[in-house]
Each structure stands twice: as structure tokens, then as C-alpha cells.
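Inspection log for the structure reproduced underneath, given as C-alpha cells.
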Amino acid sequence: MSAVGPGNTTMVVTEFFLLGFGDLKELRPLLFLVFAIVYVVTVSGNLLLVVLVCTQQGLQTPMYFFLANLSCLEVCYTSNIVPRMLVDLLREDRAISMVGCIIQLYFFGALGSTECYLLAVMSYDRYLAVCWPLHYLTLLHGTLSVGLTIGSWLCGFSVAAAFQAAMLSSLTFCRGNKIDHFFCDLKPLQKLSCSDPHLVNLVCMSLTSLVTLVPFGLTLASYWKILSVVLHIPSIIGKQKAFSTCSSHLVVVTLFYGTLILVYAVPMAGQVPALNKTFSLFYTVVTPMCNPLIYSLKNKDVKEALKKLRI
């Protein structure tokens, strides 16, 4: 709810109204069905990967340990957005409290940041597997794997996301309380704020650089090293084997960072709500569903583990 002050000039916002897909009322039942199926497939696929890694001896390696963490993260990431979106598709009252909005934004930022760091760790894992195959298990031992994973989760939850949530709670909203999105994202919220946009943008850019550019740079550095090693392999078969070792992770990195760039780095996407929503669907709904499929379709170890699980 919101209270209007003297002279009807000041609005104290205590809750927001998510417009979601309000302009597609006739398609809401179909959208609900599609997103519900996608959500079930996403959660089932990612949890199945976690079960496989935890129970199958052939998957007890650092790569699959990181993959299991990525799958857990994807379940949390999509569960922060999709269940609420499904409920909103079935009702007219799509209000969300200020506290609820802050909590959703915090977990959205924290989980997204964690994924950036975790993908960087996985690229380092692939670098060691391709460039130092004989020393792979020695260099990336169990203690280091656990430490890198815990570090990724801690960095994601304790740095940028907390600042973003604190920033949101300190903003003054004087341009209504209708968020033209299907979840609480910082960009649509900024449009409702009458606080200094330059300060907000400066802080957001700094936080974005911290949680995306640093791990993205580390990921690029790992693949630059991998590429330099692959190019020096004399046989074509050897190059193909080396490339197949990191192809799945490379596809996941491309999908994740590609959609982030489209939403947050392309000016037009931020100005056109329909484009912003469409691109946001990719990294909140589509990408979490695709990740377990990408890692499973061409992975012999995962296929063998699935066969053993059936038996």
C-alpha cells in the first residue's frame, strides 16, 4: 500500500505492483503452462545431476563437484523468480511488499554473482584439465575444490548483493509503485525512484564490475591459455579431444554472459520493457533449464551414470 502526503505531492511506497505480462492477458493460461513445465524440467534436471554426482563413483571428480554446485545454484536461482511469476499469472493482485521486493532482489543478485564466480572456478578447472592433464587431480585436490566453491558462494552472498539490497531500501520512490517487470530488478525500480540517478548508476556500475568483470576476466584468461595450448597440439584428433573437454562449459558461459550483456549492457534493452522482459526470461528461466542438458547430452560419464542409476 502507499500513503499520500499533504498536497498529494509525496508518496510513501510500502509495496510494489508487478505488471508482469499484463499486456498478454489472453495468453496467461498458456504462459503459465509453458513456464510451469519449464520449471519442473529445470528443477528435476538439475537435482538429477546432483544425485548422480553424489551417488555415482565415476563422477567423483572436481569437475562434477563444481557442476553439482552449479546445479544447486540454478535450482535456487530459478526458484527465486519462477514460482512467484507463476502465481502472478493466475491472479490480478500482483502486489509485493517492499521487504519482499528487497529479499527477492538480494537473492537474485547474490545467486547471479555466485554463478559468475563459480563459472570462473569451472574455467580454471578446465584449464588444468587441458593444460596440465597429468597433474590435474594433484593440483586441484579435494581441499582446494571445496575452498574454491565455498569462496564462490561467500563472494556472491556477502559483497555486491548486500550493497544492492541496501541501496534499494534507501531509495525514495515518487513515480508510482508499478514495476514493469515480472520480478524485482534494479533497472525497473530505478525508473520509479526520484533519488540521484548518477549516484545510483555509479554504485551499480562499480558493483557490476566487481561481480561480473573480475570473474569474466578470469574466465577469459583461462580460455586464452586453453586456446594457446590447443593450437599447439599437432593432430586434429588431439585438438578435438581437448576442445570437447571444455565445450560444454564454454556453451554455458556464452549463454550466461550473453544474456546478461543483452539485458544490462545494451541501452535499447533497458529502454524497451518488452525487450528487457524477453531477455530476462533467458537467464532466469531458459538458461537454468539448458545447463543440465548441455552437460548431459554429449557427456559419456553422465550417460553411463544414468544407465547405472536406472539399473
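The values are calculated or read from the model by the stated rules, or taken from the named source; none is laboratory data. Remember, it's a predicted structure, so these values are computed and weren't measured experimentally. Every residue, glycine among them, receives a Cβ derived from its backbone with ideal geometry; neighbour counts consider all protein chains shown. For the accessible areas, the whole protein counts, side chains as well, though only heavy atoms, and no ligand, DNA or RNA atoms are used. Shrake-Rupley method; radii C 1.70, N 1.55, O 1.52, S 1.80 Å.
Residues that are surrounded by 18 or more Cβ atoms within 10 Å (Cβ to Cβ), polar (S, T, N, Q) and either farther than 25 Å from Leu220 by Cα or modelled with pLDDT of 80 or more (or both) within the stretch 260-297 comprise Asn276, Ser280, Thr284, Thr287, Asn291, listed in sequence order.
Note on the stretch 51-139: enclosed helices (runs of 4 or more DSSP H) holding 1 or more residues that are under 19 Å from Ser248 (Cβ atoms), more than 23 Å from the chain's Cα centre (by Cα) and modelled with pLDDT of 90 or more are 98-131.
Evaluating Phe35 against the criteria (1) at pLDDT 90 or above; (2) over 16 Å from the mean Cα position of the chain (by Cα); (3) open to solvent by 40 Å² or more (accessible area, probe 1.4 Å) leaves one unmet condition, (3).
Which members of the stretch 141-153 meet the condition of being within 22 Å of Val252 (Cα to Cα) and either open to solvent by 40 Å² or more (accessible area, probe 1.4 Å) or modelled with pLDDT under 90 (or both)?
Across the stretch 141-153, the qualifying residues are Val146, Leu148, Ile150, Trp153.
Within the stretch 204-238, which residues are more than 25 Å from the chain's Cα centre (by Cα) and either at pLDDT 80 or above or open to solvent by 70 Å² or more (accessible area, probe 1.4 Å) (or both)? Across the stretch 204-238, the qualifying residues are Lys225, Leu227, Ser228, Val229, Val230, Leu231, His232, Ile233, Pro234, Ser235, Ile236, Ile237. Could you tell me whether the stretch 190-200 includes any residue that is farther than 27 Å from Phe107 by Cβ and part of a helix (DSSP H, G or I)? Yes, the stretch 190-200 contains a residue that is farther than 27 Å from Phe107 by Cβ and part of a helix (DSSP H, G or I).
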